[in-house]
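The values are calculated or read from the model by the stated rules, or taken from the named source; none is laboratory data. From a predicted model like this one, the values you see are computed outputs, not experimental measurements. FYI the Cβ positions are ideal-geometry reconstructions off the backbone, even for glycines, and counts take in every protein chain you see.
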Amino acid sequence: MSYLILVINTGGTSTKVGLYKDNEALFVESIRHSEEELAQFNDINDQKDFREKTVLDFLKSKNIKLEDLSAVAARGGLLRPLESGTYEAIDKMIEDLREGKRGLHASHLSAQIGASIAKAVGIACYVVDPISVDEFDPIARYTGHKLFKREMLTHALNMKAVAKRYAKEHNLDYNELVLIVVHLGTGISVSIHENGRMVDAINPSEEGCFSLDRSGSLPILQVAKYIIENKLDYKTFSKMVFGEGGIYSYFGTKDFHKVAEMYKAGDRETIDIVNAMAYQVAKEVGALSVVGLGKIDAIIITGGIAYEKFFVDMVKERIEFIAPVFLYPGEDEMQALAEGTLRVLNAEEQPEIY
């Protein structure tokens, strides 16, 4: 039996839509949203109807009726800690995504839109390896204070997918490798995979290197003083460092293409800030290399910014001594979402319970 799967992956400035016949892509498009278009919305949730229309218009342009779909696959967001796997996007999951207890993220719209479309025609919407996949080793959870612990929130879907793709292409077993995977996107995740588990990772929502719209690690006493002096509530501050931090805080844009143009034009401030971002990415790779006792089989660089050779070269220069570096620009997320959903449709695995 053959299945038609609609795949939805909402990012900070784009909505990726794909149509798959089983695991074969029929159409995949990335629909860009200008900063001016998105500026009219107060928060992520307000974008839902606008982005859903984008998806429906895509299907209409391909002459695909909703009734033709077998299932919808959607990128997962900042949910509660979950085991790796495929989950049905039930009402409770949608409520949690809208509420955003662990922060609001553009990916939260994927399942909201997917569930809405699926419900209209009586099919299921599935989420595969959401951002909140948590495979931390116990030692990795500790912080420097007993009231706080580290949380694993990463680009798990893409990092798991490219790690497995690398292993397959090199006739290796993912479950027997030690890999460091770097996802260069709007947020930057860095993870180490040991024997099939992502045992430690840099959570781009609150630690590590800064990225296009996230501040990463900040000097904690300066932060505390700033919050108190400016009487900031949690929502205001979290938006400042997650959504309006990083590159955006310096240049007012989350579009790395624009930043790259300024860099290549020789703007001194841009050069300094971009160099600092590359420097911080490399530092996180170095830090995670000690988790594997320095015995790293390969370092994989992926994500949208991985298309920018000048930036990748700056990172590679600092990390190539650790292990061979392999480049997988873009994302395997769409394919991974389709394949995870297909495994459930084919009864090769049971959906996990949310």
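Numbers below:
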quantity	calculated
Some residue of the range 139-156 being surrounded by 24 or more Cβ atoms within 10 Å (Cβ to Cβ), more than 20 Å from Ala338 (Cα to Cα) and in contact (Cβ under 8 Å) with a residue 40 or more places away in the chain	yes
Subset of the range 319-334 (residues that are touching a residue at least 40 places away in the same chain (Cβ under 8 Å) and over 25 Å from Asp255 (Cβ atoms))	Ile322, Ala323, Phe326
Strands (runs of 3 or more DSSP E) wholly inside the range 136-206 containing at least 2 residues that are within 22 Å of Arg80 (Cβ to Cβ)	188-194, 197-202
For Glu29: the one exception among (1) in contact with a Phe, Trp or Tyr (Cβ under 7 Å, 6 or more places away or on another chain); (2) within 20 Å of Pro130 (Cα to Cα)	(2)
Hits in the range 250-261 - residues which are within 20 Å of the chain's Cα centre (by Cα) and farther than 14 Å from Gly185 by Cβ	Thr253
Any hit, the range 166-174, residues being surrounded by fewer than 19 Cβ atoms within 10 Å (Cβ to Cβ), modelled with pLDDT of 95 or more and in contact with a Gly (Cβ under 9 Å, 6 or more places away or on another chain)	yes
Filter result for the condition that a residue is crowded, with 16+ Cβ neighbours inside 10 Å and touching a His at 6+ places or on another chain (Cβ under 7 Å), over Gly303, Gly243, Gly292	Gly303
Selection within the range 1-22 - surrounded by fewer than 15 Cβ atoms within 10 Å (Cβ to Cβ) and either among the acidic types (Asp, Glu) or not in a strand (DSSP E or B) (or both)	Met1, Ser2
Subset of the range 246-275 [without any contact (Cβ under 8 Å) to a residue 12 or more places away in the chain and surrounded by fewer than 15 Cβ atoms within 10 Å (Cβ to Cβ)]	Gly252, His257, Glu261, Ala265, Gly266, Arg268, Ile271, Asp272
